[in-house]
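Have a look at the structure below, then the notes.
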Amino acid sequence: MVLETDPLPLSQWLSGALPTWLFVVGAVAFGWLLLGFLISTLKNGPGKAGDNIFRLLSGAVTDLAHISPRRVYALARLAVKESSRKRVFAGLGVYLVILAFAIWFLDPRTNDPVPLYLSFVLTATTYLILIMSLFLSAFSLPADIKSHTIYTIVTKPVRPSEIVLGRIIGFSVVCTAMLAVMGFFSYVFVVRGLSHTHELALSNLKAVKVTAEPGDGGEELTGFTEAAHGHRHEVVIGPDGTGRTDVAQGHWHEITSSGEGANRRFTIGEPQGQFHARVPTYGKLSFKDRAGQPTTKGINVGNEWTYRSYIDGGTRASATWKFEGLNEADYPDGLPLNMTIRVFRSHKGDIEKTVLGSYILRNPATGRTSEAANFNAKEYAIDEELVPLRLKDANGNPISLFGDLVANGELEVELFCLAPGQYFGMARPDMYLLPHEGSFVANLVKGYVSIWLEMLLITAFGVMWSTFLNGAVAMLATFATLVTGFYVLFLQQLGRDEVVGGGPTEAIFRLAGQTSITVELDETLTTGVIKGIDDVVRIGLRAASNLVPNFSEIAGTTYDPRAFNIPMGDAGFVADGFDIPPELLIQQMIATACFLVPIFLIGFLCLKMREVAQ
Amino acid sequence: MNQRPFVRKMIYLGLIAALLVPLSLLSMPARRGNSQEAGSKGGVLAQLRDKNRLSQANLGEIDPTSETIKLVTLGLRGIATFALENKATEYKLKEDWTKLKATLEQITKLQPNFPSVWENEAWNLSHNISAQFDDYHDRYYWHIEGARFLQDGIRHNETAPRLEWYLGWIISYKLGRADEHLQFRRLFREDTDFNGKRKIEDRDNWLVGREFHLAAEDMAARHEGRGVNNPLMFYYRAPMCRIDYAEALEEEGVLDEKAGAAWDVALRDWIEFGKRDLGTPDQSERMDDIPIVRQQIEDLYKQLGELPPGDVPNKLRAEKRAKLADKEIASLEKAPDSRTLDEVQLATMAEQKLALGADEVEKAVDREHRDEARKISTKVDDLKTRLTKLEATRDHVNYDYWKTRCEMERRPDTLEARRLTTQADHAYKVDNDLLAAQKLYDQAFAQWDAVLKEFPTLRRNTIVNEDMMVLIRKYRVLLDKLEIRELPKDFPLQDIITAHPTGQ
């Protein structure tokens, strides 16, 4: 899995994100109050303006302190009933139609169908639920205000805070129910869509021991299955008539047989090992150059994407991962080492063979190393090596893995490329230990929890916008929030001037003059003014990127891990078969709460200030 | 009550109803008939579309998936395609091949009737993505994915022969000329999924690629040559596949009658290719016409020579030749395929200097015959232009070289020379029997000498010379190991060594 940015531990993230959040909230609150004071001053004078602001704030505090859970529950129930009346659950029908026709667009014959299917269902769910929550939340209050049914509610009496909170909760409950149903159907779709078996005829098999003809029993049979879903498997069937296939497209099958002689029939079971939720233990990566000296990173072999660095083959260049927190109890059978190494050949070499590499294990404290273990590099596939508990050191003496090589829970793994003129490429997540795997279903649920968090945010935004905008405008505003949420990282890059071609004003200037983005503009008064405008705009963009939740994917994205609005998308983890770290999910929940609280407050204050609520 | 609005509305409705009649005549869709009822040709537009083969159904299969995805983009197909292309670029950058392939499929579903889109995305799969993999099995897989992609594209674009041609290119050239072509050819033979019911002995990538090239030619013929931008390169691949097949057989050690037969068939197809008209309806262009055009030019010069005062062209040429430098004359007198690069340049300049212009011929002829002289000269100029074009076409595909090469390779003595060479290589590299290898090399060189004596143009050809020099260098290293420092004085291919730029 590609992890361009490593999520921070919870405590470290909180220490950076919380102050930023407080600053942003404080700045927004101050700006809002200042704006309100200025507008009120223009209307009524400064004295009255100050009085209005004070009464608003004190009223708001009273309001919030006296929120009734019973009334909130009643309003939430009302919101649920209203949603049912609007037949919002028809959206489930839309989702089922999408799934029904999805098979036209998804090819199970592709070389790795599991990530494709999982990405599809998670993405389709995300878009559908967010759009549905958008429509549900944005039109409700404006419709009530327009039809004057809001007066029936406010005269109950019901506080504005309860109205806003009730609607947010009510719509969230509806969307949560729909999300749960979608999740269930998604799981069924993926499992059913990838379910398949193969035909295996006796004529496809040959006996390995040549003393017997196929079908006589007592011999091992090998051969290939018929193709299904664009692949076939090599099979090995033991004398007892059972066996298994090799791994193709990330799965294998069990084989059973019945009958004897020429009537022998083979049954290939359902695919196994397709769905994973790996719980990796990552290490810290460091490099040595071809002279064996430490260096910050490896070589760039000319790739535009610099996620991976490369080490020279046949030299002292190496990549070392340092693992921490290793516990012998977690590895009763040995150390499962998984790696995904890239290969770059500067010459063809032996085409028939893959490039050879080796790794050693080292005690970080004593420097004692194991003997080198060789491996053939496998690209775009996970190479699973199991380091035994008892092995040999560099001199051939028997040693114990945890006794001699792991010191205080730390262990180093150093990797070499053995072929001169060839290169191995790696990034930190490309090697990890796999003490155990989590439950795929639980991981899928966690993926849906991240979608649920996004839905909560859109619902809250929709209700907030609708407290002071009419239905269509609130919908547009929520839609803009939604779209911006998917491009927050781009906004941040624009705000930090990391995008080639300059800021928005410069981009318009280049478009008008058909100037390429790679051409430096001449330093004239005009370009100076344009760049000055963009400098100001960038401040706004940086501010705006903190005001909108981040709906990007975590996997495969570069982001600031210290920011409080970290990406909410976890589909990459689920699709690639990696467990979503619980700490990451907690961070996302806290980030959601960081938005929900101020959104609720803004919505409540806006509704309070309207005539209908007074 | 004011009835004017009502009357106005009635008039408008009447006009709308009246307009429906011509609208219907123009845009009524065509309907296919069945056993129950006859079909309908539809309105004027439908008939025009059918006549000019512009409707989507004329282009190929209509895919419901494609139509659905186009519909749901609600007219924003261009924007959707742009967004998908950006996504594809990102996936390619981040090496996410599964999602890249899925995205390419979405792009083609949005634009199913643009052959260039299919071609471009097939290129992405079989060239760009395959090159990213280290294991040749994976590279082969992505080459075939590109081929399958094109097969899908062909179903949607039955009037685009370039897709079929490109499919043939991937199967023949991409597999057959790769560094790992031996491995690819083996995998292709074993690939039952792609080859289907094709017999194992017919699963040669060159021959199968040729089938696709021939299918492309059939498609082009059915559509009056539409979609063929470069006829030379389009029609050249099918006969070239035969030649490549014969070469591949010999590389794999097949040096018997099968190889001879393969070269035989290759020669036949190559000669047929030379007879093919690659020109336009107004001007034919056959490489085989070169001798005919040359003869026509000679005949016209004879006619000019008969005009008083007589023998004008030869006299004019003699005068011009007298003004040429010695080097230029020497280069002209040398055989074209034995000229060095400098000599080729000198000969070209000399020929330009010797060329007779219509004006100078006209002036040299008696006044009363000048009109006739001008007409003949003009015809000569036109024929020379045509000849230049034909020669360029021929040189572009190295027509003469491959024709002579096929004639040489199909002979039993050539096959014997190759067998001896292979045995010598085996004795040297595998058995490490240096003396036996030396003997076999000597026999091989003698045999090559005899063969190349029959084909002097090939003996002087740089490609053949380089192949011989590779052998000779290997032989030299072998002799060195036997502590023999010099080649034998009567070495049969000494002239090739002497003619080589390095001289060794």
For this session: Kindly list, by first and then second residue, each pair from a residue in the stretch B:117-139 that is away from chain A (no Cβ under 12 Å) and more than 21 Å from B:R186 (Cα to Cα) to a residue that is of a type in the set (S, T, N, Q) and open to solvent by 20 Å² or more (accessible area, probe 1.4 Å), limited to pairs with Cβ atoms under 7 Å and residues at least 6 apart or on different chains.
Result: B:V117/B:Q111
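Name the single residue, out of those in the stretch B:309-335 being in contact (Cβ under 8 Å) with a residue 40 or more places away in the chain and over 10 Å from B:L354 (Cβ atoms), that is nearest to the chain's Cα centre (by Cα).
Here is the first cut: in the stretch B:309-335, the residues in contact (Cβ under 8 Å) with a residue 40 or more places away in the chain are B:309, B:312-313, B:315-316, B:335.
Now narrow it down to the ones that are over 10 Å from B:L354 (Cβ atoms): B:309, B:312-313, B:315, B:335.
Working: B:P309: 49, B:V312: 43, B:P313: 39, B:K315: 43, B:A335: 28 Å.
So, considering only residues that are in contact (Cβ under 8 Å) with a residue 40 or more places away in the chain and over 10 Å from B:L354 (Cβ atoms), the one nearest to the chain's Cα centre (by Cα) is B:A335.
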For this session: Just one of (1) more than 30 Å from A:T281 (Cβ to Cβ); (2) modelled with pLDDT under 90 trips up A:P7, so point out which.
Result: (1)
Problem set entry | Residues being in contact with a Phe, Trp or Tyr (Cβ under 8 Å, 6 or more places away or on another chain), within 13 Å of chain A (Cβ to nearest Cβ) and polar (S, T, N, Q) - total across the stretch B:191-205 | 1
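Can you go through A:G577, A:G572 and tell me which one is touching a strand residue (DSSP E or B) at 6+ places or on another chain (Cβ under 9 Å), at positive phi and either open to solvent by 10 Å² or more (accessible area, probe 1.4 Å) or not basic (K, R) (or both)?
Values: A:G572 fails: at positive phi.
After ruling out the rest, the residue left standing is A:G577.
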For this session: Could you list all residues from the stretch B:170-190 that are touching a residue at least 40 places away in the same chain (Cβ under 8 Å) and in contact with a Phe, Trp or Tyr (Cβ under 8 Å, 6 or more places away or on another chain)?
Result: B:I171, B:S172, B:G176, B:E180, B:Q183, B:F184, B:L187, B:F188
Exercise. So which strands (runs of 3 or more DSSP E) stay within the stretch A:268-350 end to end and still have 2 or more residues that are hydrophobic (A, V, I, L, M, F, W, C) and either within 14 Å of chain B (Cβ to nearest Cβ) or closer than 26 Å to A:A575 by Cα (or both)?
Worked result: A:318-323, A:335-339, A:342-345
For this session: Please enumerate the residues belonging to the stretch A:400-428 that are buried (at least 20 other Cβ atoms within 10 Å of the Cβ) and either touching a helix residue (DSSP H, G or I) at 6+ places or on another chain (Cβ under 8 Å) or within 14 Å of chain B (Cβ to nearest Cβ) (or both).
Result: A:V406, A:L411, A:C417, A:A419, A:Q422, A:Y423, A:F424, A:G425, A:M426
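Restricted to the stretch A:265-294, and to residues that are under 26 Å from A:P420 (Cβ atoms) and open to solvent by less than 50 Å² (accessible area, probe 1.4 Å), which residue is nearest to the chain's Cα centre (by Cα)?
We begin by selecting, within the stretch A:265-294, every residue under 26 Å from A:P420 (Cβ atoms); these are A:285-294.
Narrowing further to those that are open to solvent by less than 50 Å² (accessible area, probe 1.4 Å): A:285, A:287, A:292.
On the way: A:L285: 22, A:F287: 28, A:G292: 36 Å.
Only one residue tops the list, namely A:L285.
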For this session: Give the residues of the stretch A:375-399 that are away from every other protein chain (no Cβ under 14 Å), crowded, with 18+ Cβ neighbours inside 10 Å and either within 18 Å of A:L433 (Cα to Cα) or of a type in the set (S, T, N, Q) (or both), sorted by residue number.
Result: A:V387, A:L391
For this session: With the condition kept exactly as written, say whether any residue in the stretch B:242-258 is under 17 Å from the mean Cα position of the chain (by Cα), farther than 30 Å from B:Q423 by Cβ and in contact (Cβ under 8 Å) with a residue 12 or more places away in the chain.
Result: no
Exercise. Which condition does A:V114 not pass, out of (1) modelled with pLDDT under 90; (2) crowded, with 17+ Cβ neighbours inside 10 Å, if it passes all the others?
Worked result: (1)
For this session: Examine the stretch A:430-446 for a residue that is closer than 30 Å to A:F189 by Cα, open to solvent by less than 20 Å² (accessible area, probe 1.4 Å), small (G, A, S) and at pLDDT 95 or above, and state whether such a residue exists.
Result: no
For this session: Return the only residue of B:F445, B:F491 being in a helix (DSSP H, G or I) and either open to solvent by less than 70 Å² (accessible area, probe 1.4 Å) or without any contact (Cβ under 8 Å) to a residue 40 or more places away in the chain (or both).
Result: B:F445
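Here's the yes/no breakdown for (1) of a type in the set (D, E, K, R); (2) in a helix (DSSP H, G or I); (3) surrounded by 15 or more Cβ atoms within 10 Å (Cβ to Cβ):
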| residue | (1), (2), (3) |
| --- | --- |
| A:T62 | no, yes, no |
| A:R71 | yes, yes, yes |
| A:L78 | no, yes, yes |
| A:S83 | no, yes, yes |
| A:G91 | no, yes, yes |
| A:V97 | no, yes, no |
| A:A100 | no, yes, no |
| A:V121 | no, yes, yes |
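Do we find that A:A543 is over 22 Å from A:T558 (Cα atoms), among the small types (G, A, S) and out of contact with any Ser or Thr (no Cβ under 8 Å at 6 or more places or on another chain) in this structure?
Working: over 22 Å from A:T558 (Cα atoms): no; among the small types (G, A, S): yes; out of contact with any Ser or Thr (no Cβ under 8 Å at 6 or more places or on another chain): yes.
Here the answer is no, as A:A543 does not meet what is asked.
Of these, B:L167, B:L187, B:L232, which one is open to solvent by less than 10 Å² (accessible area, probe 1.4 Å) and not basic (K, R)? Break it down into steps so the answer makes sense when it comes.
On the way: B:L187 fails: open to solvent by less than 10 Å² (accessible area, probe 1.4 Å); B:L232 fails: open to solvent by less than 10 Å² (accessible area, probe 1.4 Å).
After ruling out the rest, the residue left standing is B:L167.
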Exercise. Within the stretch A:495-536, which residues are of a type in the set (D, E, K, R) and either open to solvent by 50 Å² or more (accessible area, probe 1.4 Å) or free of Cβ contacts under 8 Å to residues at least 24 places away in the same chain (or both)?
Worked result: A:R496, A:D497, A:E498, A:R510, A:E520, A:D522, A:E523, A:K531, A:D535
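Report, by residue number, each residue of the stretch B:204-258 that is of a type in the set (K, R) and under 26 Å from B:D191 (Cβ atoms). Even if it seems obvious, please write down each step before you answer.
First pass over the stretch B:204-258, keeping only residues of a type in the set (K, R): B:210, B:222, B:226, B:237, B:242, B:258.
Once the filter is applied, which keeps residues that are of a type in the set (K, R) and under 26 Å from B:D191 (Cβ atoms), the stretch B:204-258 yields B:R210, B:R237, B:R242, B:K258.
Just name the residue that is farthest from B:D138 (Cα to Cα) out of those in the stretch A:245-264 that are more than 38 Å from the chain's Cα centre (by Cα) and surrounded by 13 or more Cβ atoms within 10 Å (Cβ to Cβ).
Residue satisfying both the conditions and the ranking: A:R264.
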For this session: Can you give me the number of residues within the stretch B:84-99 that are over 21 Å from A:T340 (Cβ atoms) and either open to solvent by 50 Å² or more (accessible area, probe 1.4 Å) or of a type in the set (F, W, Y) (or both)?
Result: 4
Exercise. Just to be sure, is B:A102 open to solvent by less than 40 Å² (accessible area, probe 1.4 Å) and part of a loop (DSSP other than H, G, I, E, B)?
Worked result: no
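Within the stretch A:351-362, how many residues are closer than 21 Å to A:A427 by Cα and within 14 Å of chain B (Cβ to nearest Cβ)?
Let us first name the residues in the stretch A:351-362 that are closer than 21 Å to A:A427 by Cα, namely A:354-362.
Then keep just the ones that are within 14 Å of chain B (Cβ to nearest Cβ); that gives A:354-357.
Summing the residues that are closer than 21 Å to A:A427 by Cα and within 14 Å of chain B (Cβ to nearest Cβ) in the stretch A:351-362 gives 4.
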Problem set entry | the stretch A:10-26: number of residues that are surrounded by 13 or more Cβ atoms within 10 Å (Cβ to Cβ) and either free of Cβ contacts under 8 Å to residues at least 12 places away in the same chain or closer than 17 Å to A:P567 by Cα (or both) | 8
For this session: Could you look through the stretch B:268-309, keep only residues that are in a loop (DSSP other than H, G, I, E, B) and in contact with a Leu (Cβ under 8 Å, 6 or more places away or on another chain), and pick out the one that is farthest from B:N229 (Cα to Cα)?
Result: B:R286
Exercise. Any chance the stretch A:363-374 includes a residue that's open to solvent by less than 80 Å² (accessible area, probe 1.4 Å), within 14 Å of another protein chain (Cβ to nearest Cβ) and within 21 Å of A:A419 (Cβ to Cβ)?
Worked result: no
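The values are calculated or read from the model by the stated rules, or taken from the named source; none is laboratory data. Owing to the predicted nature of the structure, the values given are computational and were not obtained by experimental measurement. Cβ atoms come from the backbone with ideal geometry, glycine included; neighbour counts cover every protein chain shown. Heavy atoms of the whole protein, side chains included, go into the accessibility calculation; ligands, DNA and RNA do not. Shrake-Rupley method; radii C 1.70, N 1.55, O 1.52, S 1.80 Å.
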